[in-house]
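K.L.:
So that we are looking at the same thing, I have put the structure below in structure tokens.
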Amino acid sequence: MPGRAQGPPPSGQPDSQIQTLTSQSALVVVPALVRDKSKGGQLIFTLTADDFQLTDDGIPQKLHLEQDTGGEPLALVVDIEGGGAGVGELAKLGSLQTMLDSVVGGVAHKIAVVGYDSSPVLVQDFTPNTDLAVKGIQALIDDNNGDSGAATLDSLGFSIDLLRKQPIQYRRAILLIAESHDRGSKLKLDDALREISDTNTAIYAIGFSTDKPEVAHEVAKLSQPGKPGPAHGCFSRDPNDPNVDLTKNPGTQAFDCLALLAPPLRLATIAFVAARDSLQKNVPETVARLTGGEYFKLTSAKSLVRDLQTISNHIPNRYVLSFQPQSPHPGFHAIALTVPHYVHLEVSARNGYWADTTAPPSP
């Protein structure tokens with residue numbers, strides 16, 4: 001059977017309705033990769049919508065499966081941290097042309113290149129010409145003189161905004177090559193989580209570690225409005241609904257505040273806190289899991305080539321599932337996708353999305 005890819009919204013839905021859900025009606029698209037653990041991770045293409053089970057904040061949803069989406073064009077942003085180990089490993093590759101050709105495959109495509117350290121810069125705007133994209137990446141390699149800012153969240157927000165302006169028929173993906181920690185972003189953690197979670201962009205991340213001593217100090221400086229209090233990790237207000245005061249409940253201690261929420265909101269709040277905390281520990285890995293992409297740890301130029309080949313195989317070979325939540329609460333939603341009748345199969349898909357009550361911005 002042909003592979004499946006993350007395609008445009010079914011039924012011609014405007015892309016802006018997908019990025020930030022409104023309280024009226026919207027569609028959540030969930031690209032999913034299915035592998036057989038008993039056969040060394042072999043990709044599986046024979047499942048139907050009935051084989052999947054998806055919950056939104058623990059509530060089962062009715063799923064729709066798009067057919068024959070493997071040939072959809074691809075808009076890809078290559079987002080590279082400058083002055084780090086990632087650039088050094090890229091410099092060891094024999095052919096950047098081969099690298100990009102491998103990632104985009106044989107479909108129509110546009111590639112943009114973004115470089116960043118303390119701030120993101122558009123090195124090459126979207127182009128179908130792979131040679132121009134290669135020249136942009138090579139320029140980053142040749143420069144390789146970052147200022148140790150590592151503003152990964154700012155750069156991801158910048159890259160996502162670029163992708164939102166692309167035609168809706170394009171699948172959207174980011175190839176992120178970055179160190180684990182963000183040390184210089186101006187984007188607040190809560191805003192970063194919303195930015196990443198309200199888009200149908202899959203982020204494929206290749207991360208590398210840093211031994212710089214200032215990392216822990218700089219990570220601690222990231223702005224965290226609504227951060228849990230020092231005791232018991234309890235919020236004064238629910239991050240998913242600022243109108244809910246979690247401390248005003250006679251006879252109940254503050255550390256029991258999550259129990260005051262209805263089960264769907266409780267699950268969403270726990271997922272929100274976990275995702276935000278995870279962003280502080282490993283940005284590339286967290287954003288990959290949030291968006292249904294994949295995370296790879298950079299160890300050498302050889303591992304980078306292998307991981308890029310894996311990404312190129314997985315981008316087009318995804319099921320495209322969708323569901324329409326009924327009156328979604330504003331804020332972060334935790335979603336879980338499984339194939340309950342196939343214990344030997346492993347599903348990779350996005351694990352959350354963001355719903356809003358305000359009108360979304362124009363695409």
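The values are calculated or read from the model by the stated rules, or taken from the named source; none is laboratory data. Because the structure is predicted, anything quoted here is derived from the model rather than measured. A quick note on method: Cβ atoms are made from the backbone with ideal geometry, for glycine too, and the neighbour counts reach across all protein chains shown. Note: areas computed on protein heavy atoms with side chains; ligands, DNA, RNA excluded. Shrake-Rupley method; radii C 1.70, N 1.55, O 1.52, S 1.80 Å.
K.L.:
Scan the stretch 107-129 residue by residue and report those that are buried (at least 20 other Cβ atoms within 10 Å of the Cβ) and free of Cβ contacts under 8 Å to residues at least 24 places away in the same chain.
P.N.:
V123, Q124
K.L.:
Oh, and also: In the list A268, A274, which residue meets the criterion of being in a helix (DSSP H, G or I) and surrounded by 20 or more Cβ atoms within 10 Å (Cβ to Cβ)?
P.N.:
None of the others qualify; the one that does is A268.
K.L.:
Select from the stretch 57-73 the residues that are surrounded by 18 or more Cβ atoms within 10 Å (Cβ to Cβ) and at pLDDT 90 or above and list them in ascending order.
P.N.:
Hits for the stretch 57-73 are D57, Q61, L63, L65.
K.L.:
Another question about this same structure. Would you pick out the residues in the stretch 311-330 that are more than 24 Å from T269 (Cα to Cα) and open to solvent by 40 Å² or more (accessible area, probe 1.4 Å)?
P.N.:
Listed by number, the list holds a single entry, N313.
K.L.:
Just the residues that are in a loop (DSSP other than H, G, I, E, B) and of a type in the set (S, T, Y), please, taken from the stretch 149-207.
P.N.:
Answer for the stretch 149-207, where residues must be in a loop (DSSP other than H, G, I, E, B) and of a type in the set (S, T, Y): Y170, S180, S185, T199, T201.
K.L.:
Then there's this: Which one is nearest to V28 (Cα to Cα) among residues in the stretch 147-162 that are of a type outside the set (G, A, S) and surrounded by fewer than 24 Cβ atoms within 10 Å (Cβ to Cβ)?
P.N.:
By that ranking, first place goes to I160.
K.L.:
Still on this model: For the structure I just gave you, tell me whether A355 is surrounded by fewer than 17 Cβ atoms within 10 Å (Cβ to Cβ) and in contact with a strand residue (DSSP E or B) (Cβ under 6 Å, 6 or more places away or on another chain).
P.N.:
no
K.L.:
Kindly indicate whether I141 is buried (at least 22 other Cβ atoms within 10 Å of the Cβ) and at pLDDT 80 or above.
P.N.:
So I141 does not fit the description; no.
K.L.:
Being among the charged types (D, E, K, R) and either without any contact (Cβ under 8 Å) to a residue 40 or more places away in the chain or open to solvent by 10 Å² or more (accessible area, probe 1.4 Å) (or both) is the filter here, so list the residues in the stretch 173-190 that pass it.
P.N.:
R183, K186, K188, D190
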